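**Q** Can you read through this structure? Questions will come right after.
The values are calculated or read from the model by the stated rules, or taken from the named source; none is laboratory data. Note that the structure is a prediction, hence the values are computed from the model and not measured. Here the Cβ positions follow ideal geometry from the backbone for every residue, glycine too, while neighbour counts run over all protein chains shown.
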Amino acid sequence: MREHEYALLGAMNRAHVGRYLGLVSAAASALIVYILLSAVDIAHRFGWNVTLTPSILSLVGAATVFTALYWLFDRFAWKWRFLKLVIKVPDIAGQWDCQGQTINPDGSQGHSWRATITILQSWDRIRVLLKTNQSGSNSISAALICDDADAYRLLYHYRNVPRIDEVDLQSHLGFGELVFGRDLGSAEGEYFNGHGRNTFGTMKLTRI
C-alpha cells in the first residue's frame with residue numbers, strides 16, 4: 001500500500017500554502033528569466049552567438065518552478081523549524097514502540113499486546129503501519145488535528161490482515177485515535193475494531 005492524503009485541522013490551510021508557493025514561483029521564474037536574458041545580452045556584447053529557445057524558457061516557467069518548489073516543500077521544507085511554527089503541522093513520522101491493552105466488555109483489562117508502529121508522513125500524505133507477531137495493519141484514511149489545548153491528535157481508519165498461519169484470526173477494519181505530547185516523543189490513545197473482530201482497547205506509544 002502507498003501513502004494516502006490526510007485532512008489537516010487547526011493548521012495552515014493547504015490552499016493558502018499553495019497560494020504562497022504560487023507567488024514565490026512567479027517571482028522566482030521572473031528573476032531566473034531576467035538573469036538568463038541579461039546573460040545573453042552580455043554574451044552578445046562579447047560577440048558570442050547565444051540564443052534562448054522557447055524550450056529553455058519553458059523550463060524556467062512559473063509552472064515548472066512551482067512543481068519543483070512544491071516537491072521540495074512536500075518532502076522536506078515543511079519540517080524545517082521556522083516553517084513548522086507557521087504552518088503548525090507536527091512531524092510524527094518515524095518508528096514507535098506500542099504497548100497495547102485490550103478492554104473487556106465489562107470494563108476489566110483483557111490481554112496485553114505489543115507492536116511496532118511506523119508512520120510515513122509528508123506535507124500532504126501519510127501512512128500508519130502497525131505490525132505485531134500475529135498481524136499487520138495499514139491506514140486507509142486519516143486526519144491530523146492541531147489543538148492548542150490538546151497538542152496533536154491523529155485519527156485514522158485502518159485495515160488489519162492476520163498472518164497466513166493465524167487461522168483463528170480474521171481480517172477486520174478498525175479505528176484508532178492517538179494524542180501526541182508536545183515533545184512528540186510519546187502518545188496515548190484508543191482503538192476500536194469491527195467488521196471481523198469486535199474488540200477495543202488502549203495504546204501507549206514511545207518514539208524509537
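**Q** Of all residues in the stretch 162-187, count the ones that are over 18 Å from the mean Cα position of the chain (by Cα), among the small types (Gly, Ala, Ser) and not in a loop (DSSP other than H, G, I, E, B).
**A** Here the count works out to 1.
**Q** Considering each residue of the stretch 157-190, count those that are touching a strand residue (DSSP E or B) at 6+ places or on another chain (Cβ under 6 Å) and in contact (Cβ under 8 Å) with a residue 60 or more places away in the chain, and give that number.
**A** Total satisfying the criteria: 2.
**Q** Which numbered condition trips up Leu21, out of (1) part of a strand (DSSP E or B); (2) closer than 17 Å to Trp71 by Cβ; (3) among the aliphatic types (A, V, I, L, M)?
**A** (1)
**Q** Has the stretch 188-197 got any residue that is out of contact with any Asp or Glu (no Cβ under 8 Å at 6 or more places or on another chain), surrounded by 15 or more Cβ atoms within 10 Å (Cβ to Cβ) and part of a strand (DSSP E or B)?
**A** Yes: the stretch 188-197 contains one or more residues that are out of contact with any Asp or Glu (no Cβ under 8 Å at 6 or more places or on another chain), surrounded by 15 or more Cβ atoms within 10 Å (Cβ to Cβ) and part of a strand (DSSP E or B).
**Q** Quick check, is Lys84 surrounded by 14 or more Cβ atoms within 10 Å (Cβ to Cβ) and modelled with pLDDT under 90?
**A** Numbers: surrounded by 14 or more Cβ atoms within 10 Å (Cβ to Cβ): yes; modelled with pLDDT under 90: yes.
When the stated conditions are applied, Lys84 passes them.
**Q** Across the stretch 31-50, what is the total count of residues that are part of a helix (DSSP H, G or I) and either touching a helix residue (DSSP H, G or I) at 6+ places or on another chain (Cβ under 8 Å) or assigned by TED's automatic domain parsing to the domain that holds Ser122 (or both)?
**A** Keep residues of the stretch 31-50 that are part of a helix (DSSP H, G or I), which gives 31-45.
Still in the list and also either touching a helix residue (DSSP H, G or I) at 6+ places or on another chain (Cβ under 8 Å) or assigned by TED's automatic domain parsing to the domain that holds Ser122 (or both): 32-33, 36.
Total meeting the criteria: 3.
**Q** Here is a further query. Quick check: anything in the stretch 131-141 modelled with pLDDT under 95 and farther than 21 Å from Glu3 by Cα?
**A** Checked against the condition, which is being modelled with pLDDT under 95 and farther than 21 Å from Glu3 by Cα, the stretch 131-141 yields at least one hit.
**Q** Which condition from (1) touching a helix residue (DSSP H, G or I) at 6+ places or on another chain (Cβ under 7 Å); (2) modelled with pLDDT under 95; (3) within 27 Å of Arg153 (Cα to Cα) is the one that Gly107 breaks?
**A** Checking Gly107 against (1) touching a helix residue (DSSP H, G or I) at 6+ places or on another chain (Cβ under 7 Å); (2) modelled with pLDDT under 95; (3) within 27 Å of Arg153 (Cα to Cα), the one that fails is (1).
**Q** Looking only at the stretch 54-81, filter to residues that are more than 24 Å from Glu3 (Cα to Cα), of a type in the set (A, V, I, L, M, F, W, C) and out of contact with any helix residue (DSSP H, G or I) (no Cβ under 6 Å at 6 or more places or on another chain); which one of those is surrounded by the most Cβ atoms within 10 Å (Cβ to Cβ)?
**A** Filtering first and then ranking leaves Leu57.
**Q** Would you check which residues across the stretch 1-45 are in contact (Cβ under 8 Å) with a residue 40 or more places away in the chain and among the β-branched types (Val, Ile, Thr) and list them?
**A** Val17, Val24
**Q** So, one more: For the condition farther than 30 Å from Thr199 by Cβ, under 19 Å from the mean Cα position of the chain (by Cα) and polar (S, T, N, Q), what is the one hit in Asn49, Asn13? Spell out the reasoning first.
**A** On the way: Asn49 fails: under 19 Å from the mean Cα position of the chain (by Cα).
Every option except Asn13 fails the conditions.
**Q** Output the residues belonging to the stretch 156-179 that are touching an Asp or Glu at 6+ places or on another chain (Cβ under 8 Å), of a type outside the set (D, E, K, R) and surrounded by fewer than 18 Cβ atoms within 10 Å (Cβ to Cβ).
**A** Correct list: Val179 only.
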